[in-house]
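These notes concern the structure reproduced below.
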Amino acid sequence: MKNYKILLIAGLSAVLVSCGGGGGGMPNFGDNEFPVQAISSQSTSMQTTYPATIKGVQDVEIRPKVAGFITRVCVKEGQSVGAGQLLFVIDNETYQAAVRQSQAAVNTATAQMNTAKLTYENNKKLFEQNVIGQYELESAKNTYESAQAQLSQARAALASAKETLSFCYVKSPSAGVIGNLPYKVGAMVSASSMPALTTVSNNSAMEVYFSVSEKDMLDLTKTAGSSQAAINNYPPVKLMLADGTMYGHEGKVVKASGLIDAATGSVQLIAHFSNPERLLKSGGSGSIVVPRSNSSAIIISQNCVSEVQDKKFVYVVGKDNKVKYTEITVDPQNDGKNYVVRSGLNVGDKYVTNGITKLTDGMEIVPITPERYQQKINEAAQIGADGSAKGFVDAMQGKK
């Protein structure tokens, strides 16, 4: 008697486990019945995600034009600055001396030009009075013109010295936010210093870079008629931040690279996002989310799909009620419960929705509706719940 109870409990457990409703399991009804459903199209909204990198609309590396020691750092990391604002001061004693020297050369050249001018004007009067000849007059004129040229040269040297001196005062070329400051006061820097003094990022709007496959880009271009039309027709995109939250403003794809990355076979796209709250930071990461809608999609449950070496298969039921092991392709994006079928199935086809592990290619079945299938599961579960040994034995033998 004790052994009988153990067997009874084991049998009830097997029935309840097999009635779980998963794609692989099916109650042993004993009559070769499988749930079959016809395929119909329906509307669906999906989304595709792409890894993305965030950059400011204008990220400017700040580098000095002259070499020297930093004597002042006038900003802090993360500080907002305006165009023309002073950022760094580089030791300028040598360049100030060059300005003074150039100024002295200008003064000397000015004096020489004034003397040459007086001589030339005086010689013109003497020539008119026939005191001197043409040679003396032309010599005075040439000396005056040479003095003018020397003064112009001295002034140009002074302007160059002043400009070089101004390079010691490193200013922001645009409005934006200060990035890292790797150098402190006393550091020796030059135009070739790595890294740059800092980066000024204009983050009033942000550029988000992401890549799509060459095939997807070709499909878009063919559909729209040209690459520019494909960009103009690209739907608004969303940005998922690094913490998994969705950014509050939609973006617009504005540019596409003219080259295909040979290593990845992808095309880079750029989307613009407004950044009024300054939430986005240059150098950040996230994911571009592209919404997609399909008014005639074929959607099937993942429970009725078997996978073999990254390939997906379903059992399609023919007119003779024999099943055919059929390969399908699905959209890589899914909700974890259903697949959107791209190929392999057509509207009107019939397929087995549950119990696929008990099927083999070419097997003949008795089709029933999914509702009847669920009803039989409920009946088997009720038999187990009643705790009736006789009911359990009758169910195992397929009796009504």
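The values are calculated or read from the model by the stated rules, or taken from the named source; none is laboratory data. Note that the coordinates shown come from a computational prediction; the quantities given were computed from them, not determined experimentally. Positions of Cβ are generated from backbone atoms using ideal geometry, with glycine treated the same way; all protein chains shown enter the neighbour counts. Each accessible area value is taken on the protein alone, full model and side chains, heavy atoms only, with ligands, DNA and RNA left out. Shrake-Rupley method; radii C 1.70, N 1.55, O 1.52, S 1.80 Å.
Let's see how each residue does on (1) part of a helix (DSSP H, G or I); (2) open to solvent by 20 Å² or more (accessible area, probe 1.4 Å); (3) touching a residue at least 60 places away in the same chain (Cβ under 8 Å); (4) more than 20 Å from Val75 (Cβ to Cβ):
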site	(1), (2), (3), (4)
Val170	no, no, yes, no
Lys184	no, yes, yes, no
Met206	no, no, yes, yes
Phe210	no, no, yes, yes
Thr223	yes, yes, no, yes
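For Pro51, the stated conditions hold: it is at pLDDT 90 or above, exposed (fewer than 12 other Cβ atoms within 10 Å of the Cβ) and not polar (S, T, N, Q). Residue pairs whose Cβ atoms lie under 6 Å apart, sitting 6 or more positions apart in sequence or on different chains, and linking a residue in segment 346-366 that is more than 12 Å from Phe34 (Cβ to Cβ) to a partner that is part of a strand (DSSP E or B) and open to solvent by 40 Å² or more (accessible area, probe 1.4 Å), are Val347/Ser41; Asp361/Tyr325; Gly362/Lys322. Restricting attention to segment 353-372, does a residue exist that is at pLDDT 90 or above, open to solvent by 40 Å² or more (accessible area, probe 1.4 Å), aliphatic (A, V, I, L, M) and in a loop (DSSP other than H, G, I, E, B)? Scanning segment 353-372 turns up at least one residue that is at pLDDT 90 or above, open to solvent by 40 Å² or more (accessible area, probe 1.4 Å), aliphatic (A, V, I, L, M) and in a loop (DSSP other than H, G, I, E, B). With (1) open to solvent by less than 60 Å² (accessible area, probe 1.4 Å); (2) farther than 30 Å from Gly78 by Cβ as the list, and Asn114 as the residue in question, which single condition is left unmet? The one condition Asn114 does not meet is (1). When Leu345 is tested against the conditions (1) surrounded by 15 or more Cβ atoms within 10 Å (Cβ to Cβ); (2) in a strand (DSSP E or B); (3) modelled with pLDDT of 90 or more, the lone failure is (2). Taken together, the residues in segment 232-254 that are touching a strand residue (DSSP E or B) at 6+ places or on another chain (Cβ under 8 Å) and either among the aromatic types (Phe, Trp, Tyr) or modelled with pLDDT of 90 or more (or both) amount to 16. For segment 230-270, the set of residues classified as among the aliphatic types (A, V, I, L, M), out of contact with any Pro (no Cβ under 9 Å at 6 or more places or on another chain) and either within 21 Å of Thr199 (Cα to Cα) or in contact (Cβ under 8 Å) with a residue 24 or more places away in the chain (or both) consists of Ala230, Ile231, Leu239, Met240, Leu241, Ala242, Met246, Ala256, Ile260, Val267, Leu269, Ile270, listed by residue number.
Residues in segment 255-288 that are closer than 18 Å to Ala229 by Cβ and outside any strand (DSSP E or B): Ser257, Gly258.
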